[in-house]
Structure formats: C-alpha cells, structure tokens
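S.K.: Before anything else, here's the structure in question.
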Amino acid sequence: MTAAEHTKPTTDTNAAEPVFSVRNLWKVFGPKADRIPANPECAELSAEELRARTGCTAAVRDVSFDVHKGEVFVVMGLSGSGKSTLVRCLTRLIEPTSGAIAIDGEDVLSMDKSRLRELRRHRASMVFQHFGLLPHRSVLDNVAYGLEIQGVGRAERRAKAAEVVEKVGLAGMEERRPGQLSGGQQQRVGLARALAVDPEVLLFDEPFSALDPLIRRDMQEEVIRLHREEGRTMVFITHDLSEALRLGDRIALMRDGRIVQLGTPEEIVGSPADDYVRDFVRDVAREQVMTVRTAMRPADDARETETGASVSPDATVSAAIEAVARTGEPARVMENGRCIGIVDHQGLLAVVAGLGPSDQKAVAA
Amino acid sequence: MRMNTGNTRNTRVLRTATAAAAALGLLALSGCGAAETGKSQEAGDKKTVKLTVPSWVGAQANTAVAAYLLEKELGYTVKTQQMGEVLAWDALSKGDIDGILEDWGHPKEEKSYVDTKKTVVRGGDLGVTGHIGWFVPKYFADKHPDVTDWKNLNKYADEFKTAESGDKGEILEGSPDYVTNDDAIIKNLKLNLKTNYSGSEASQITAMKKYAKAKKPFLTYWWTPQWLNAEIDMVEVKLPEYKEGCDADPKKVACAYPKTPLQKFFNADFAKNGGKAAQFLKNFKWTTEQQNEVALMIADEKLSPEAAAEKWVKANESTWKAWMPKK
Amino acid sequence: MTAAVTAPPKDRPAVTAGRFAAVVRHRAGRKLLALAVAAFVLVPLGAALWGGGSWPAGLTVDVSGPLDDANAWVIDNRESHPLFLYFLLHLSNTATDAVDAVYNGLDSLGWAGFAAMGVLFAWRAAGLGRRGAKTAGIAAVVFAVCGLLGMWDATLLTIALMVVAVTVASVLGILLGLAAGLSDRFHRMLRPVLDTMQVMPAFAYLLPFVLVFGTGTPAALFCTVIYAAPPMARLTALGLRGADAGVLEASASLGAGGWQRLWTARLPLARKEMLLGLNQTIMMALSMVVIAALVGAGGLGEEVYSALSTVDVGKALAAGIPIVLIAVWLDRTTAAAGERIGTSVPGGSRLLHGWRAWALVAAVTAAVAAANRALAPLTWPEGWTYDISTPVNKAQDWVTEHLASGIPVLGGTEVWSENFTLWVLNPLRDGLVWLPWWALLLTVAALAWLVGSWATALTSTLAMGAIGVLGVWTKSLDTLSQVIAALFVTLLLGFALGIAAARAGRFERWMRPVLDAMQTMPQFVYLIPVVALFGVTRASAIIAAVVYALPAVVRITTQGIREVDPSALEASRSLGAGSRQQLFQVQLPLARPALQLAVNQGVVLVLAVVVVGGLVGGGALGYDVVKGLSRGEMGVGMTAGAAIVCLGLVLDRLTQPGAGRSRGRNDG
C-alpha cells in the first residue's frame, strides 16, 4: 500500500476550502538530496537502507494532506518520524526538497523572500517546544515581538500585546522576564506571541511536551478553549497519543517520514491501517474515543426502535455504556428524532475489547 | 539542520555589512585627500618644543635643564618623549621631535638624514666629551694594578668568572642601544673573555652596584660621563690605542673606542623657523662636570628632572645667561 | 584577571575517563611502534646525509636584509608615496588627534570631575544598588590612590589611550566576530589567525608597527588595538554561534529578516559573551599600553620605563600600582555589568533606570566638573601626594642585601641562581644545541604526532624548520632551553599552589589579590629587584617569566580541581578514601583536562616574557628583539620576533590538550 491511499481525506466533516494543501512533499537531508525524490528506486527503500545506499536521510517522504479551515489538524509520531520537519516545511523554515505546498491556493514554494516573510508575519505563526523566548525582554515585549517585526509602532503593539497577555491568563506578569516564569507560563507567553499577530493558522510544534503532566492538561484545555472561542485553524504536532486524540479533529500518524494513516481519532483507534498503528493505539481507552455510531447495529425489529434509552450517534461509547447499564437493555441511537440503530451490551463490549466489525461477526456466529 | 534558510540569510547580511564597511572606509579615507605629513603643520615661531629623552641619565640632564630654561625663561611649552636613539633620529627627521641634545655618533643616520635627505641639521658640540671603554672597579685595580693593561686580562679571567660565562671571564655589556665592538675585540685580541648582555642599562647598573657592595671583581663595558662614576670609582683598562679607521670593519676591530665630542642635532625646519628656541638650543653648551652634577641629582638623590634642573639653574646663572638668544 | 573564557573541554570525564585512557594507551602504543620503526630508518639516514650539529648555513634564507630595505623604503617614501599620503598618514593623524581629543576632554573635567565620572560610571555599569555602590567604592579608592601617588596626569593619559584603543579594538573585534559568527567560512579562516595571534608575545607586535608608523602615539595605539581585539572577536563569534537556535528560529518564524534577527535576537543573546570579551579586551589593552611605552605611548608605562633608567624601583612601583588599580577598576566594573545581564529586576525609583541613570551620571559629572573649574585647579592638588619611592627603595635595598647571599644553609638567591644556571640551564641548552638539527626536527614531529594528528606534526615541524631557515637556530634553542626551564618551575609551583588553594578556601582568598596584582603589574617593575637578587643571568629572565605565568597556572589548576564532579568525590569518600587518596585518585585525574590547559597556558605566557627577559640578561631571541626595537634594526628584531612566534606555535601545538578540539583560553 502507498501513503497516498491513506492521505485522501476520508471524512468530510469540514468540506470547506483547505487552508494548507500539501502534495507529495519530500525533505531529504544529505548529499545530492534533490535526486532522491525523483528516483523511484529510493521510494521503495526503508530509512536504514536509504541511508546506507545514499548517505541521505529522508525526514519527510512523499507526504500529502489538506488542512481544512477551522479544524485542529494533528500530526502525530514518535521522535524521528519527521513531524517537526514537516511542520517547518509549511512556512519554509526548512526548505522542502520537492513537492507542493499551497496556502489558500497560493503556492508557498514559489514565494519570493518578501512574500514568504509576509506569510510568516501575518498568516501562520508558530509555537515552539522550547518556547524560543527572548530572555532579555519582558513578557510584554516578547508578546509584542511579532508585531515589532511587522513594523507596528511601540504604543500600538504594546497595547495589542497587553490584550493578548490578558487572554492567555498572564495579566499582572507583563514586566517579568522569561527566566522568572514557570515552564507553563513561558509557553503561555509563546502562545500569546503567536496569537498577537492574529494569524490565519497557528502551528504548534510539540508545545507541551516539556511541561509537567498537570500543567500540560491545563494548557490543552487552554488550546481547546481558544479554538472554541476563535475557531482558528491549527496544525498541532505531538508525540503524545492522548493529546492527539484529545485535541485533533483529524490526525495524521507519521512513521519514518511517511503518513501511515490519516483520519479522525475514531478511525485511527477503531480501524488501524496496519499493525504499527494497531500497536500504537492498543492501550487507548477506546470507549472514550469511539462513538456510538461504530458500536450500533441496525434495529432487529420495530419494537427495538421504540423503547429504551436514547443516545446520540456522536456520543462516546462510555456514555452509551452508562445508559445501557442503567436501564439494563439496549439503547436507541437517535439522530434528528429518528432511530438509526441500536446499541446493546454486546456491541459496546466489542468496542471496549477492541474487536473489529468482522471479529464481532465471528463471535456472534 | 534547521538553520537552513538562516544561513543563506546570514551570508547576505554579512555581504551587505562588508560592502557597507568597505564603502564607508574608502569614503572616509579618500574624502579628505592627502594627509598632513606632520612636518609643516606649525611653521613660524611656534610655542611648543619637542625634545627626546634618551634612556641614560646624562642626556636626561641636558633635556631637563634645556626644558626648564625654555619654559621658565623663554615661555615655551616643552614636550619630552623617551625613545631609543635610532628611533629618535627617525622622529627628528619626521619632525615628531625638534632636537636631540646628546648624540654619541650615528654615522649611518647622519649620512642619510643630514647629508642626503637634508631633513636634519647639525647643531654643534654639546661641550661634553664621551668615551666608551672597558672598566674595572678601583678597589680591584688598587689590588692588582696591572689589570689596567689589556695584555694582562687573561691572567685575571678567572676572577671575572660567573655562571653565565662558564670557564671564561665575564665582561658585562649594557643596553642593546649602545655601540659595542666587544665581541670582535675579544676575538681579535685572543682574550679569554665572554660578553654577557645585560639587556638594559638599568640591569647593568644594578649588577654593578651589587658587585661593588660586595667588593667583588668585575669587568664591564662602560663610559664617561656617567653619574654612577661618582658613586663607584671606575678605572679604565687600556686597550690598543684608537687610530682613525681602526674600527672601520666591525669584524676586525682590535682597538679602543674613540673619544667622541657629543653632538646636538635639530630638525631642519625647526632650526630654520624655531625662533628663539632654536637659537637657545644651538647655544646650549656645558661641561662634563656640570652635566654630571645634574645627572647625579636625578639618579642618586632621586630628584625629579625638573627639580634638579631648577636647583642647578638657580646656582649657575652666569653659565646659562650666555645661552640666551640675543635680543 | 578574569576566569577562563570557556571551561576546559570536559568530555564527561567521570564516565569516559577509564575507557578513554585505555584507547589512548592502545593508540599511543601503536603510534610509538610506528615511531620506533621510523626512527630506525630515519636516524641513520639523517646521520649519513647531514651528520650532526647546527642548522646548515646552506638552508638559511636571509630575511633581515630585505626587512632593512623595507625599513629604508618606508623612511624614504613616507612623505611622498600615495600609500602613506592617502592611507597610513590619515590613520596615524586620526589616531593622534583622537587620543589628544580624549585626553584634553578628560583633562578639562578637572580631577574632581574625572574622578566623579569614573566612580559614577562604575556605579551605573555595575547595576546601581548595593553592588553598584561597592564597585563605585572601589573606583573611588582607585582614583584617590592614583592621585596620592603623584601619577594623576600619567593616569589620565593612559586612560585616554585606553579609551581610544579599547573603542577601536572593540569595534574591530565585534565586526570580525560578527563575520565569524555569521559565516562558517570566515570563521574557519579567522580561527587559526586568532590562535596564532594569541601565541604571539606582546613585544613581537611592536616592531612592524614601528616600521610603518615610526614611534609615537599611532604605533602604540595600533599595536594595542591589534593586540586587544582578538578576545572581542573570539567571544562575539562564540556568543553569536552559541545563541539559542530555538530563539532564532522563533524569530524567523515570525517573519524577521536577517537584519531584524541580528538586532533583536542574535546580538542581545550574545551580550554576555560580548561583555566578557570587552573585559578581556580591556585587560589586554592595558597590558599593551604599558609595554607600548617602548615605542612612545606615554602615560604610566613611560613613567615605569623611565624609572628603570635611574634604577628607581620605588618610582616604578608608584607608576605600577595605578596600572594594577585601573585594571581592578575596569575589571570589577565590566565583570559586575556582565553578571547583571539577564538578572535585572526592576525596582526602586524610575529615575535610576536605563538611560535616565546614564543621564544622571552625565549631569552629576558635569556639575562636579563645573564646580572643580570654578573652585580648584584642574590637576590633582600638589600637596595631596605622597612619595613612596624612598621607603620602597630602602626596603628593596634591605631585602636584596639580606636575601642575595649569606643566608645560612639556604645560601641565598645568588647561590641559587648560580647553581640553577650551572646545573639546569647550561646542560639543557648545551644538550639542545648538541642535538643534530634533523634529529630535533624529527623529535618535534614525533612528539606532535603523539599528542595530536599528522596535521599537528606538520605544523610543528614546519614552524620549527622555519626557525632554522630564518638563521637563528642556535639562539632559538637557547631561548627554548629557558622556556622549558621556566615552564618546569612554573608548573611545579603552580600546581602546588593551585592544589593548596583548591583545598583551602582561606588560602585562596588570601592569594587571589596577590596573583591578580602579579599578573597586571608591568613586568618592568619587578625586573630591577630580580636583577638585584639574582644578578644579570638567564635565571633572572626565568624568574620574571615564572612570576608572570604563575597566576594563570594557579587559577586554572584551582578551578579544574574545584570543578571536579562532586558526586565522584562523594563516591570516593563513601568508600573511605582519605584526603590524600581523594586528591591523587579522584581530583587530579579528573582535573586532567584543566591541568593540560594550565600547561598550555603556562607555555604561552612564559614565552611572552622571554623577550622581557632580554632586558635582564636572558640574551638570545629576546635580546635581539629589544635590540631591534631600540636601535631601529628591523631586520634583526623582526627575524627574532618571527622566530619567537614560530617557537610559540611549536610549543602551543605540542602542549595543546586534544589537538584540533576547541579549547578555552585564559587571557588574563
């Protein structure tokens, strides 16, 4: 199977115009790197073989995807999978080797320096794992830094920065230096700095992996809140599966530079594309991710469609379990006032046990 | 590897910066045309006189007295600068200094600057006669009177032995500034001696004082006039007599050093346009004893040169009155 | 006077030391075997081809003739040639004018105005508050002592020279550092140049500048600038290169252009290193300004130098103390400013912040200067001076008289110096001279190969060969023997004192100011007492070198031992190791990189004083340089200077810890 098969958008939850559109993107490090993508032989090789054969490392290999307006697009993978390189290619912080990137339909790779600078200044800004704050500046001036680079006047940019500082919950710390803040607070500054320029897209590069678990949770809530309030498009890089499942509308799972699966959290957990993904999602609490839609079966008869508790098809399996356990009988799945299916304890348990639809049949038979 | 785009940008910044710096530099230099050579900047009756201060005290005495009189009697400002002799000649030619008051003979420089380039002019005798020679302390000469003949030096070589000279006798040498033929003399006279270059007059004097205090025998390259002679009695060892031209080939020298009437030299411009100051310095002439008197005040009583000059001037009015330019 | 620029390379010694040692032993074993084979072939070959003895005359090139010609050409053409008219004379006139202008400016402030400026400057730069007050207090004492010693005017001139020299050197250093920090290629080009410059003794800089500019302020100023600029360049480049890549990326991600990134991120991030660079540049400029008195710099250096001609140790000391004090003032001020970076916490009155505080400094200075002009003479009041030279001279006489000889059992300094010369120096020199020249070249190549790579061997051998080609083989070996002897003494004393200081905090506190003063005190000051004690011998030159090099060696040793991983020490203590066992089994082995660095530094510093040794009977190359300087014999002087640089390169390469690796430097 090739990566392209998986990278076709499989759901149409947000069928709007893509913000980022990436096609056949390669990033190869090493001597004569530009020859690798064009060479069909190389495409077949594994990462180690490629390095042994050519001395090159392909950090991103033939990747294609779209990021839709308003969605949170998560790129997930272990370290070395090429996810950080990928996100840097989007604004050409790392120059891609080949492929195509478009933002709102405009070709990024053909942009000249000033156009590219324009892109970075106004359309996409980034939050970094290690914050990247200027240690010699106050919180306020750090937040205003992006505006300063744009050439916004001092008073105006400080006013705007003060607003954003308030928004990320750092009010009262404007005059502190980054060195006097905790990790979580520093990342709030990083977030505020990215927000201050009011970008179309926010790019996050493992923003919370350097933080303590509790603070990480807070920050995730913060991102969810911001997304809910502003509906900004976000591209989020992480190596933490639970974070990806929590935040992502769609998730691209990367391994050795390739996207091995792209889909909603439910698709990833519910129908892993290969053993690698399956292995990856094995320990996930599936009832938290899977929706009732996957667990339901068609109603056997009319009686079933009329009685029992009703659940929404987008509710999680754990919610349905609660309903079924309380009533002791199957629950109806209601959408727009119509019963579209039934969930019973057998179907729900199959989801929790991680059995696919085919396994389920085998058991039933 | 993340600095990919960064690097090309750095290079550009760098190139722009280099170009800008180069352009600025060129502008700054070419914009103002040819530079002053420093020579003709203050013609006429200028009020500042620049004199060199050689490293030895005798010459410091000249400068101190001349400077004192120029400032107190003629109303000039005097700037003094310490420098090596040959360097002073060069500075004199450039006009960085106006006069050398005591020169022990630099035939090469004299030929080049005075005769060829004509940037320096002779200023006449200082009145003091200098003489270089080999000396032993008087306490040693008293005990062994025949040491004062070079032919007997080998007999005493053992007495002059030090760790530095090994199995030969040591002859102490002075600052590299001073003209010396000693290595040639030793070789050509077949003496069992070895030169030890003390590297500066200060360390030579320190060593001599140390020997004298312990009444140890020593042999040294030395000269008169020298203020230390008033403190340690020195006796000259007679070398084969100096004859005109016997020191022409530095490798074949086997004779004593000549007696040198010490000379004054002035910058040509200064001599012509220096007004009263130039006139005064040309007239400046005194005796070995007078120079020694001031030198001793500086070196031994540790008076500052100004204080020593003041003391001498107050006591010797008749002498310096004669140097004053005629009205 | 400052700590090492960068810590000595530490490759996780605790973990890798054992394995590393095994590898080295193994590799060294193989290398030794190869060398034995090579020697077996080459030695008989060399003996058959060239026999023994000194460098063959046929293989020398006379460079002093052309150099003398160049000198003559400069003298003949400097008033007519366009190179001078349109370039060099502009430089030298600008230099003279700049120094004069600064001097007149400082002078017009009056003594009170200037002192107020110096004190307030220290207060502001050190960050106000308590720390600022302490630094300001030091400044006040410094100026008071300079005035009291009757050195006010000389101090002023030296500071004027320093202001101009440090400004120009910093700008030059920053530009070079910027270039090296931003461009890898330039960095690769610049590094060996800076390395070589750091090996060059200060004296070797003087002659070329005298050749071009003649004596006087310009030559003094320019050689100071060239001498002092390298640390600034090195540390600026280090700061720029070491800048947090994450911050730079963040800046780029926000769309900053190259210039914006430089101004808003790169340079501010490198501030700490740059300030350390400034600190070192100041210290180096100060030492050079003093030495440059030999070519007409004026100021305190000339006071020291002229005191020498009357053998007036007291007066030399009176001029030397202000130099040490200026060093203390500038060192403490810049060091305090450096520590402040990144830690400043706003607080106190708004009047005392940022530019307002600087404005306050300027205003108070102006007010004091005006008051001074109106009420008192501009120069330091004559009555307020104290003459230290008489008591100092008396004390010196007493000491030298009693220590020089006649001490029961110990014998006295004179006896020591005689024995040292007879039993150490002479055999060493004679041995080196006796060695056939090709054998020495082979030895150098073999040693260099053992400690480093074939590249090290090549550089060292070429440098050693260059000495022979220059025609100063025997003299250089004489100098080499002195360097080796001095290094030996320095390391012996340095390691002993360093270990003692590392183990006894009180001893270190007591010793530190002494070491600092020893290193900043101009060498001329202690030459006379040294001659009085040890006589006109090479031993005196060696003592001078030891005194100069000792502080750095002690400091690096102490630091190295102090920085030994405390957990390793704890582990050994938990195993019941005694204090001696701890020292020899844990501290010293783990501090090995630092000790190697100390050896390397010792070599460089000892060599730097070899020339000064020429002034007290060291002879050899040092004497030639001094001779070239004072007699204007460029050929002799510069040949000897070049030989010293070559010798420095050889010794530096042979003692470099882990050749090819980046290393820290202590420039004092």
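S.K.: Quick test for you: out of A:Thr233, A:Thr238, A:Thr264, pick the one residue that is open to solvent by less than 40 Å² (accessible area, probe 1.4 Å), of a type outside the set (A, V, I, L, M) and in contact with a His (Cβ under 8 Å, 6 or more places away or on another chain). It would help to see each step written out before you state the result.
M.R.: Values: A:Thr238 fails: in contact with a His (Cβ under 8 Å, 6 or more places away or on another chain); A:Thr264 fails: in contact with a His (Cβ under 8 Å, 6 or more places away or on another chain).
That would be A:Thr233, the only listed residue that is open to solvent by less than 40 Å² (accessible area, probe 1.4 Å), of a type outside the set (A, V, I, L, M) and in contact with a His (Cβ under 8 Å, 6 or more places away or on another chain).
S.K.: If B:Phe280 satisfies all but one of (1) outside the structural domain of B:Gly169 (by TED's automatic domain parsing); (2) in contact (Cβ under 8 Å) with a residue 40 or more places away in the chain; (3) within 19 Å of the chain's Cα centre (by Cα), what's the number of the condition it fails?
M.R.: Among (1) outside the structural domain of B:Gly169 (by TED's automatic domain parsing); (2) in contact (Cβ under 8 Å) with a residue 40 or more places away in the chain; (3) within 19 Å of the chain's Cα centre (by Cα), the lone unmet condition for B:Phe280 is (3).
Here is a yes/no grid of residues against (1) more than 21 Å from B:Asp182 (Cα to Cα); (2) in contact (Cβ under 8 Å) with a residue 40 or more places away in the chain; (3) within 11 Å of chain C (Cβ to nearest Cβ); (4) of a type outside the set (Asp, Glu):
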| position | (1), (2), (3), (4) |
| --- | --- |
| B:Thr195 | no, no, yes, yes |
| B:Ala202 | no, no, yes, yes |
| B:Trp223 | no, yes, no, yes |
| B:Ala230 | yes, yes, no, yes |
| B:Val235 | no, yes, no, yes |
| B:Glu244 | no, no, no, no |
| B:Asn273 | yes, yes, no, yes |
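S.K.: Could I ask something else about it? Please go through the stretch C:113-131 and give me each residue that is open to solvent by less than 30 Å² (accessible area, probe 1.4 Å) and under 23 Å from C:Leu156 (Cα atoms), ordered by number. Break it down stepwise before answering.
M.R.: Quick first cut of the stretch C:113-131, residues open to solvent by less than 30 Å² (accessible area, probe 1.4 Å) only: C:113-116, C:118, C:122, C:124-128.
Within the stretch C:113-131, C:Gly113, C:Phe114, C:Ala115, C:Ala116, C:Gly118, C:Ala122, C:Arg124, C:Ala125, C:Ala126 qualify.
S.K.: Can I ask one more? Does the stretch A:218-229 contain at least one residue that is in contact with a strand residue (DSSP E or B) (Cβ under 8 Å, 6 or more places away or on another chain), assigned by TED's automatic domain parsing to the domain that holds A:Leu90 and not charged (D, E, K, R)? Outline the logic, then answer.
M.R.: In the first step, residues of the stretch A:218-229 are kept if they are in contact with a strand residue (DSSP E or B) (Cβ under 8 Å, 6 or more places away or on another chain); the result is A:223, A:227.
Right, trim to assigned by TED's automatic domain parsing to the domain that holds A:Leu90 and you get A:223, A:227.
Within this subset, residues satisfying the condition of being not charged (D, E, K, R) are A:223, A:227.
Yes, the conditions are met somewhere in the stretch A:218-229.
S.K.: Additional query: Quick check, is A:Gly105 touching a residue at least 12 places away in the same chain (Cβ under 8 Å) and in contact with a helix residue (DSSP H, G or I) (Cβ under 9 Å, 6 or more places away or on another chain)?
M.R.: Numbers: touching a residue at least 12 places away in the same chain (Cβ under 8 Å): yes; in contact with a helix residue (DSSP H, G or I) (Cβ under 9 Å, 6 or more places away or on another chain): no.
So A:Gly105 does not fit the description; no.
S.K.: Additional query: Would you check if B:Glu109 is open to solvent by 10 Å² or more (accessible area, probe 1.4 Å) and more than 26 Å from B:Gln290 (Cβ to Cβ)? Break it down stepwise before answering.
M.R.: Numbers: open to solvent by 10 Å² or more (accessible area, probe 1.4 Å): yes; more than 26 Å from B:Gln290 (Cβ to Cβ): yes.
Against the criterion (open to solvent by 10 Å² or more (accessible area, probe 1.4 Å) and more than 26 Å from B:Gln290 (Cβ to Cβ)), B:Glu109 qualifies.
S.K.: Another question, then. Would you call C:Phe222 more than 12 Å from every other protein chain (Cβ to nearest Cβ), open to solvent by less than 30 Å² (accessible area, probe 1.4 Å), of a type outside the set (Asp, Glu) and closer than 24 Å to C:Met634 by Cβ?
M.R.: Details: more than 12 Å from every other protein chain (Cβ to nearest Cβ): yes; open to solvent by less than 30 Å² (accessible area, probe 1.4 Å): no; of a type outside the set (Asp, Glu): yes; closer than 24 Å to C:Met634 by Cβ: yes.
The answer is no for C:Phe222.
S.K.: Yes or no: B:Leu303 hydrophobic (A, V, I, L, M, F, W, C), open to solvent by 10 Å² or more (accessible area, probe 1.4 Å) and within 18 Å of the chain's Cα centre (by Cα)? Before the answer, list the steps.
M.R.: On the way: hydrophobic (A, V, I, L, M, F, W, C): yes; open to solvent by 10 Å² or more (accessible area, probe 1.4 Å): yes; within 18 Å of the chain's Cα centre (by Cα): no.
Spelling it out, it is not the case that B:Leu303 is hydrophobic (A, V, I, L, M, F, W, C), open to solvent by 10 Å² or more (accessible area, probe 1.4 Å) and within 18 Å of the chain's Cα centre (by Cα).
S.K.: Among B:Tyr221, B:Tyr242, B:Tyr211, which is modelled with pLDDT of 90 or more, hydroxyl-bearing (Ser, Thr, Tyr) and outside the structural domain of B:Leu92 (by TED's automatic domain parsing)?
M.R.: Working: B:Tyr242 fails: modelled with pLDDT of 90 or more; B:Tyr211 fails: modelled with pLDDT of 90 or more.
It is B:Tyr221.
S.K.: Hey, C:Val171 hits all of (1) over 23 Å from C:Ala327 (Cβ atoms); (2) within 14 Å of chain B (Cβ to nearest Cβ); (3) free of Cβ contacts under 8 Å to residues at least 12 places away in the same chain but one; which does it fall short on?
M.R.: Failed condition: (1).
S.K.: Among (1) open to solvent by 60 Å² or more (accessible area, probe 1.4 Å); (2) touching a Pro at 6+ places or on another chain (Cβ under 6 Å), which single condition is A:Val292 missing?
M.R.: For A:Val292, the failing item is (1).
S.K.: Please specify each residue of the stretch A:63-87 satisfying the condition of being assigned to a helix (DSSP H, G or I) and out of contact with any Asp or Glu (no Cβ under 6 Å at 6 or more places or on another chain).
M.R.: A:Lys83, A:Thr85, A:Leu86
S.K.: Can you go through C:Leu194, C:Leu176, C:Leu182, C:Leu211 and tell me which one is within 14 Å of chain B (Cβ to nearest Cβ) and within 23 Å of the chain's Cα centre (by Cα)? Even if it seems obvious, please write down each step before you answer.
M.R.: On the way: C:Leu194 fails: within 14 Å of chain B (Cβ to nearest Cβ); C:Leu182 fails: within 23 Å of the chain's Cα centre (by Cα); C:Leu211 fails: within 23 Å of the chain's Cα centre (by Cα).
Of the residues listed, the single one that is within 14 Å of chain B (Cβ to nearest Cβ) and within 23 Å of the chain's Cα centre (by Cα) is C:Leu176.
S.K.: Residue by residue through the stretch A:311-349, note down the ones that are open to solvent by less than 30 Å² (accessible area, probe 1.4 Å), out of contact with any strand residue (DSSP E or B) (no Cβ under 7 Å at 6 or more places or on another chain) and not in a helix (DSSP H, G or I).
M.R.: Selection gives A:Asp344 alone.
S.K.: Scan the stretch C:254-264 and tell me whether some residue there is open to solvent by 20 Å² or more (accessible area, probe 1.4 Å), assigned to a loop (DSSP other than H, G, I, E, B) and within 13 Å of another protein chain (Cβ to nearest Cβ).
M.R.: No, because not a single residue in the stretch C:254-264 is open to solvent by 20 Å² or more (accessible area, probe 1.4 Å), assigned to a loop (DSSP other than H, G, I, E, B) and within 13 Å of another protein chain (Cβ to nearest Cβ).
S.K.: Take the conditions open to solvent by 10 Å² or more (accessible area, probe 1.4 Å), away from chain C (no Cβ under 14 Å) and more than 27 Å from the chain's Cα centre (by Cα) and apply them to B:Lys161. Does it pass? Write out each step before concluding.
M.R.: On the way: open to solvent by 10 Å² or more (accessible area, probe 1.4 Å): yes; away from chain C (no Cβ under 14 Å): no; more than 27 Å from the chain's Cα centre (by Cα): yes.
Against the criterion (open to solvent by 10 Å² or more (accessible area, probe 1.4 Å), away from chain C (no Cβ under 14 Å) and more than 27 Å from the chain's Cα centre (by Cα)), B:Lys161 does not qualify.
S.K.: Among residues belonging to the stretch C:54-87 that are open to solvent by 50 Å² or more (accessible area, probe 1.4 Å) and outside any helix (DSSP H, G or I), point out the one that is nearest to the other protein chains (Cβ to nearest Cβ).
M.R.: Within the stretch C:54-87, the match that is nearest to the other protein chains (Cβ to nearest Cβ) is C:Glu79.
S.K.: Please determine whether any residue of the stretch A:20-30 is open to solvent by 80 Å² or more (accessible area, probe 1.4 Å), assigned by TED's automatic domain parsing to the domain that holds A:Arg123 and part of a helix (DSSP H, G or I).
M.R.: no
Condition check ((1) crowded, with 18+ Cβ neighbours inside 10 Å; (2) assigned to a loop (DSSP other than H, G, I, E, B); (3) not hydroxyl-bearing (Ser, Thr, Tyr)) across all residues:
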position: B:Ile186; (1), (2), (3): yes, no, yes
position: B:Lys190; (1), (2), (3): no, yes, yes
position: B:Gln204; (1), (2), (3): yes, no, yes
position: B:Ala212; (1), (2), (3): yes, no, yes
position: B:Tyr221; (1), (2), (3): yes, no, no
position: B:Leu228; (1), (2), (3): yes, no, yes
position: B:Glu241; (1), (2), (3): no, yes, yes
position: B:Gly245; (1), (2), (3): no, yes, yes
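S.K.: Yes or no: A:Arg303 modelled with pLDDT of 85 or more and more than 19 Å from A:Leu355 (Cβ to Cβ)? Lay out the reasoning, then the answer.
M.R.: Numbers: modelled with pLDDT of 85 or more: no; more than 19 Å from A:Leu355 (Cβ to Cβ): yes.
No.
S.K.: If we scan the stretch C:387-398, do we find a residue that is over 32 Å from the mean Cα position of the chain (by Cα), open to solvent by less than 70 Å² (accessible area, probe 1.4 Å) and at pLDDT below 80?
M.R.: Looking for residues that are over 32 Å from the mean Cα position of the chain (by Cα), open to solvent by less than 70 Å² (accessible area, probe 1.4 Å) and at pLDDT below 80, one finds none in the stretch C:387-398, hence no.
S.K.: Give B:Phe270, B:Phe266 a once-over and let me know the one that is under 23 Å from the mean Cα position of the chain (by Cα) and in a helix (DSSP H, G or I). Spell out how you get there, then give the answer.
M.R.: Values: B:Phe266 fails: in a helix (DSSP H, G or I).
So the residue among B:Phe270, B:Phe266 that is under 23 Å from the mean Cα position of the chain (by Cα) and in a helix (DSSP H, G or I) is B:Phe270.
S.K.: Which of the residues spanning the stretch A:88-129 are more than 14 Å from chain C (Cβ to nearest Cβ) and in a loop (DSSP other than H, G, I, E, B)?
M.R.: The answer is A:Pro96, A:Thr97, A:Asp104, A:Gly105, A:Leu109, A:Ser110.
S.K.: If you take the residues in the stretch C:175-194 that are over 15 Å from C:Thr236 (Cα atoms) and of a type outside the set (Lys, Arg), which one is most open to solvent (accessible area, probe 1.4 Å)?
M.R.: So the residue we want is C:Met189.
S.K.: Tally the residues that are assigned to a helix (DSSP H, G or I) and at the interface with chain C (Cβ under 10 Å from one of its Cβ atoms), restricting the search to the stretch B:85-103.
M.R.: We begin by selecting, within the stretch B:85-103, every residue assigned to a helix (DSSP H, G or I); these are B:85-94.
Cutting the leftovers down to at the interface with chain C (Cβ under 10 Å from one of its Cβ atoms) gives us B:85-91, B:93-94.
Adding up the residues that qualify gives 9.
The values are calculated or read from the model by the stated rules, or taken from the named source; none is laboratory data. Because the structure is a prediction, the values reported are computed rather than measured. Counting neighbours? That spans all protein chains shown, and the Cβs are built from the backbone with ideal geometry, glycine included. For accessibility, only protein heavy atoms count, side chains too; no ligands or nucleic acids. Shrake-Rupley method; radii C 1.70, N 1.55, O 1.52, S 1.80 Å.
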